[in-house]
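So the structure is just underneath, and the comments pick up after that.
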Amino acid sequence: MSTTSPELQLEKISRFIGGIMRGRDPDLADHLQRLDTQAAQFGRYIGLPEQEAKLLGIGAGIHDIGKLCINEHVLNKPSRLTPAEFFFIKQHPMAGYQLLAPLELDKRVTDCVLYHHENYDGSGYPQSLAGEDIPLFARAVRILDSYDAITMNRPYHKGRSSSEALALLQKDKKFYDPALLDSFTEMMRTAPPM
């Protein structure tokens with residue numbers, strides 16, 4: 001019988017997943033590691049209790065686990081995806097959720113995995129949720145994930161500066177929780193770099 005606390009067990013699972021991701025795709029693993037750190041910092045910034053800020057970090061740090069189920073050629077394709085390839089990419093939130101289901105993790109963590117591509121205006125996937133029907137942690141990860149994707153170099157685009165990324169998020173603000181986006185923008189402009 002394990003005497004490990006649920007919080008420590010969750011951290012161990014997160015590190016385990018991080019190791020698997022690093023073996024498959026080091027760039028994706030770096031993305032997840034940045035999001036883990038940044039999400040915990042963001043959680044603290046918006047006033048979440050420390051335990052919840054850590055949970056947000058863990059959820060952000062494993063949100064793309066479903067990409068383990070997607071062909072590497074499609075994930076790292078340097079050109080525009082075909083409709084069929086994009087269909088497969090759109091399956092990764094549900095695939096990740098199903099991978100984690102047997103572990104019976106904290107729902108706030110699995111919400112990050114399942115709903116991180118839901119858009120505030122209802123145009124996202126997999127369930128086209130809108131507004132506050134999207135769980136809080138997933139709304140936060142949506143912003144952090146987009147910001148990091150814009151600023152990192154990928155096969156299909158060169159990373160942009162922080163200020164350019166924040167401007168792009170504001171331009172596409174219909175996709176994001178407006179209060180969280182404002183808080184994130186403020187944090188990135190005033191907080192020390194992560």
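The values are calculated or read from the model by the stated rules, or taken from the named source; none is laboratory data. Treat the numbers as computed from the prediction; the structure is a model and nothing was measured. Cβ sites come from the backbone with ideal geometry, for glycine too, and all protein chains shown count toward neighbours. The protein model used for the area step is the full one, side chains on, heavy atoms only, and it has no ligands, DNA or RNA in it. Shrake-Rupley method; radii C 1.70, N 1.55, O 1.52, S 1.80 Å.
Remarks
- Note: relative contact order over segment 1-93, using C-alpha pairs below 8 Å and six or more positions apart, is 24 percent.
- Distance between modelled label sites at GLU72 and LYS174, nm, 7 Å Cα→Cβ extension: 3.8 nm
- For segment 158-173, putting each phi into the Karplus relation 6.51 cos²θ - 1.76 cosθ + 1.60 with θ = phi - 60° gives couplings of 7, x, 9, 6, 4, 5, 5, 5, 4, 5, 5, 4, 5, 4, 9, 4 Hz, in residue order, rounded to whole numbers and with x for Gly and Pro.
- Heavy-atom accessible surface of the chain, averaged per residue, reaches 52 Å², computed with a 1.4 Å probe.
- Computed from backbone phi with θ = phi - 60° and the Karplus coefficients 6.51, -1.76 and 1.60, the 3J(HN,Hα) list for segment 31-40 is 4, 5, 5, 4, 5, 4, 5, 5, 5, 4 Hz; x is used for glycine and proline.
- Computed with a 1.4 Å probe on the full set of protein chains, the accessible area for PHE16 sits at about 130 Å².
- Sequence-distant residues sharing a close amide H with ARG154 (under 5 Å, placed H): GLY159
- Listed options for percent of Cα pairs over 32 Å apart are (i) 10; (ii) 37; (iii) 20. The value calculated from this structure is the one marked (i).
- Cross-linked pairs LYS67/LYS158; LYS90/LYS158; LYS12/LYS67; LYS12/LYS171: Cα-Cα separations exceed 27 Å for LYS12/LYS171.
- For MET188, the accessible surface of its heavy atoms amounts to roughly 40 Å² (probe 1.4 Å, protein chains only, rounded to the nearest 10).
- Net charge over other residues, Cβ less than 13 angstrom from the Cβ of LEU81 (K, R count +1; D, E count -1): +3
- The modelled label-to-label distance for the pair SER161/GLN127, using points 7 Å beyond Cα in the direction of Cβ, is 4.0 nm.
- The phi-based Karplus calculation (6.51 cos²θ - 1.76 cosθ + 1.60; θ = phi - 60°) puts the 3J(HN,Hα) values of segment 174-188 at 4, 7, 10, 4, x, 5, 5, 5, 4, 5, 5, 4, 4, 4, 5 Hz, whole numbers, x for Gly and Pro.
- Within the accessible surface of segment 52-194, defined with a 1.4 Å probe on protein heavy atoms only, the carbon and sulfur portion equals 54 percent.
- Surface calculation, 1.4 Å probe, protein heavy atoms: GLU164 sits at approximately 90 Å² accessible.
- The relative contact order of the chain comes to 17 percent, based on Cα pairs under 8 Å that sit 6 or more residues apart.
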